[in-house]
Amino acid sequence: MIKTKKPVTLDKNSGQILIYMAWIKENEAAPEEEVKGLIIAQEQDEKLKYSLKATKNIEFMTYSVSFKLNKTI
């Protein structure tokens, strides 16, 4: 499942991903299977950074987008 949001903030995303992970663990994963979460955003909120240090199975990554326009005619 991929869900996109903007901006990435502590209260909206770190809590919500824990709910998603718990649901997957309870309803989809095998008992011995480890459930991991991933938050991807363009930038990181300082509070999110600290909240994720308290969890072991959530990773955070940033992205950047660039493009180049080429005149063809």
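The values are calculated or read from the model by the stated rules, or taken from the named source; none is laboratory data. Since this is a predicted model, take the numbers as computed values, not measurements. Please note: Cβ atoms are built from the backbone with ideal geometry, for glycine as well, and neighbour counts cover all protein chains shown.
For this structure, a couple of remarks:
- Any pair with Cβ under 6 angstrom, 6 or more apart, that starts in region 28-48 at a residue that is under 18 Å from SER14 (Cα atoms) and ends at one that is in a strand (DSSP E or B): GLY37/ILE58; LEU38/GLU59; ILE39/PHE60; ILE40/MET61
- Residues of region 29-73 that turn out to be in a strand (DSSP E or B) and surrounded by 10 or more Cβ atoms within 10 Å (Cβ to Cβ), as a count: 9
- Residue, nearest to the chain's Cα centre (by Cα), within region 55-73, restricted to residues that are over 20 Å from TRP23 (Cβ atoms) and among the aliphatic types (A, V, I, L, M): MET61
- Check on LYS25, at pLDDT 90 or above, surrounded by 11 or more Cβ atoms within 10 Å (Cβ to Cβ) and more than 16 Å from the chain's Cα centre (by Cα): yes
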